[in-house]
Amino acid sequence: MRYIPTDVSKCEGNPALRECKDCLRRILPVHPESISQWYMGAWVMEDEPCPSRWTERSERESNPAL
């Protein structure tokens, strides 16, 4: 199973925004053995894309070894 790293903020997402539905910050679970996890507030500006959105593509671009 894949989990969100503890050094990446988890987001609960905004149910009104379509971009939150596939954001890895929202859909990846926290590791059950993790002793801490940071959370961030959901993006609320509907007319701008979320600057913290984390997708498979953005992850590959930041880490070409994947």
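Of the chymotrypsin sites (Phe, Trp or Tyr not before Pro) found in the stretch 1-45, those that fall in a DSSP loop while having at most 16 other beta-carbon atoms within 10 Å are Tyr3, Trp38.
Modelled label positions at Thr6 and Asp47, each set 7 Å beyond Cα in the direction of Cβ, lie 4.2 nm from each other. Taking trypsin sites (Lys or Arg not before Pro) across the stretch 2-55, the ones in a DSSP loop with at most 12 further Cβ atoms lying within 10 angstrom of their Cβ are Arg2. Segment Trp38..Glu19, full-extension length gain: 4.8 nm, with 0.36 nm per residue of separation and the alpha-carbon distance subtracted. Between Lys10 and Trp38, Tyr39, Met40, the built amide H atoms are under 5 Å apart, and every one of these is 5 or more places off in sequence or on another chain.
Read-outs throughout are calculated quantities, based only on the coordinates presented, and are distinct from any laboratory measurement. What you see is a predicted model, and the numbers here were worked out from it, not measured in a lab. Because the Cβ atoms are built from the backbone with ideal geometry, glycine has one as well, and the counts that use them run over all protein chains shown.
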